[in-house]
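Structure first, then comments.
The numbers here are math on the coordinates, done by the rules we state, and not lab data. Quantities reported herein were computed from a predicted structural model and do not represent experimental measurements. When we count neighbours, we look across all protein chains shown, and the Cβ atoms used for this are built from the backbone with ideal geometry, even at glycine.
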Amino acid sequence: MPKLPIRPRQVILPGVSLVLFWALGVWGWRASGYIQPLILFGYIGTALGIGLGLYSFLPKKRKQWGRRFTLLAVGGMLLVFMGILQRENLQIEWLFLSLLAGVGAGVVAHYSIAKVFGPILIGRLWCGWACWTLMVLDLLPFQRSPGRLPRTWEWLRYAHFAASFALIATLVYGFGFGRGLEQGSLAALQWMVAGNLLYYALAVGMAFALEDNRAFCKYVCPVTVPLQATSRFSVLKIRGDMSRCDECGACVQMCPMDIQILDYIREERRVLSTECMLCQTCITVCAKDALKVSIGLDLGWKERLRRGSEKAAA
């Protein structure tokens, strides 16, 4: 049986993710003296490496199996093992509570790595490959987006972010909530379960109402607020080769985040949209292999997104 050739670009993303998270694990182990950071980040890095590797080497029709494996392996672990069994609340509301009332440090570390500083290197890879909300949304039937709603809808996530912070600040400073609480408490578990049930209900409801699996991600998710700020600096981004592209528009039609990928290719720029989750759907559907994940230094700029009233390849 002939060996499949391994191209360098196929191992860039799996290798970077694997090394990054294992390095974080070693650093956390050495800095804290506890083995848990090494186990946790090593597990996440290994799951990402395997999933991204499967995506690189599987045939096109089966590539998304790699991403679904990683979503279940990482998202499921964070939700079930860390969230329910360990009572380690990783929701953004608990982050605000931790910052304002000093409730644990695990959630601060999680957001610092996955949502603030990590995206400078790997963009919104966490959203597309490890989010426990997307883990469920990806199972819904609306894989092909009808296009984005008007821009005003996208302000809902900023309102959600502000409302979540205001709620926690009111509870902490107005009612003394959180004083003496610890991560791992019954309250952490109750907030985690109730919050996730609310988020899932809203996300699934929006998906069916708008016939778009990623509607929650596009308009309401508060975590996208810090992610958009730092992912514009991402070293990893999608790059298109205009010499190979036939401008069929398949990448735009199938992009779950409605990014006008073809516009960036025509301008000979990498995909600089902060909405990109590096899910690599565009790479999968490109019949000419004109797209790839690349390493570079550039800055996210004007968003180019397809609205519902616009033609996909315009």
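Taking 26 Å as the cut-off for C-alpha to C-alpha distance, list the pairs among Lys115/Lys288; Lys60/Lys237; Lys218/Lys288; Lys61/Lys302; Lys237/Lys288; Lys218/Lys302 that go past it.
Lys115/Lys288; Lys218/Lys288; Lys61/Lys302, as the Cα separations exceed 26 Å there.
Once you list every other residue whose beta carbon is under 10 Å from the beta carbon of Gly51, what net charge do they have if Lys and Arg are +1 and Asp and Glu are -1?
+2
For the chain, with a Gaussian network of springs between Cα atoms less than 10 Å apart, report the residue from Pro256, Pro119, Pro226 with the top mean-square fluctuation.
Residue with maximal mean-square fluctuation among Pro256, Pro119, Pro226: Pro226.
Neighbouring Cβ atoms within 10 Å as the yardstick, rank Glu268, Glu247 fewest first.
Glu268, Glu247
How large is ³J(HN,Hα) for each residue in the stretch 196-208, as worked out from phi by the Karplus curve 6.51 cos²θ - 1.76 cosθ + 1.60 (θ = phi - 60°), to whole Hz, x for Gly and Pro?
Along the stretch 196-208, the couplings run 5, 4, 5, 5, 5, 4, 5, 5, 5, x, 5, 4, 6 Hz.
Counting other beta carbons within 10 Å of each Cβ, put Ser234, Ser145 in order, fewest first.
Ser145, Ser234
By how many nm would the segment from Arg151 to Lys302 lengthen if fully extended, with 0.36 nm per residue of separation less the alpha-carbon distance?
53.0 nm
Check Leu305: other-chain or 5+ apart residues with amide H under 5 Å from its amide H, H built from backbone geometry?
Gln260
Please identify, among Leu299, Leu13, Leu272, the residue showing maximal mean-square fluctuation in a Gaussian network model of the chain using a 10 angstrom Cα cutoff.
For the chain, modelled as a Gaussian network with Cα springs under 10 Å, the answer is Leu299.
By the gyration tensor of its Cα atoms, with a ≥ b ≥ c the square roots of the eigenvalues, what is the shape of the stretch 8-227: rounded for a/c under 1.5, prolate for a/b over b/c, or oblate?
Oblate is the answer for the stretch 8-227, as a/c is 1.5 or above yet b/c matches or exceeds a/b.
What Kirkwood radius, in Å to one decimal, follows from the Cα pairs of the stretch 237-295?
11.0
So for the chain, taking the charge dipole from beta-carbon charges (+1 Lys/Arg, -1 Asp/Glu), which of Gly300, Phe21, Gly66 sits furthest toward the positive end?
Ranked along the dipole, the leading option is Gly66.
With θ set to phi - 60° and the Karplus curve 6.51 cos²θ - 1.76 cosθ + 1.60, what are the ³J(HN,Hα) couplings of the stretch 225-241 in order, to the nearest whole Hz, using x for Gly and Pro?
Ordered by residue, 3J(HN,Hα) equals 4, x, 4, 5, 5, 9, 5, 5, 8, 3, 6, 8, 8, 6, 10, x, 10 Hz.
Within a Cβ distance under 12 Å of Phe81, other residues only, what is the Lys/Arg minus Asp/Glu net charge? Don't skip to the answer; put the middle values down first.
Working: positive: Arg87; negative: Glu88.
That sum, taken over residues with Cβ under 12 Å, equals 0.
Please state the charge dipole magnitude for the chain, taken about the Cα centre, from unit charges on C-beta atoms (+1 on K and R, -1 on D and E), reported in debye and rounded to the nearest 20.
800
What does the net charge come to around Trp129 if you take all other residues with beta carbon closer than 10 Å to its beta carbon, with K and R at +1 and D and E at -1?
Working: positive: Arg67, Arg68, Arg124; negative: none.
Residues close to Trp129 contribute a combined charge of +3.
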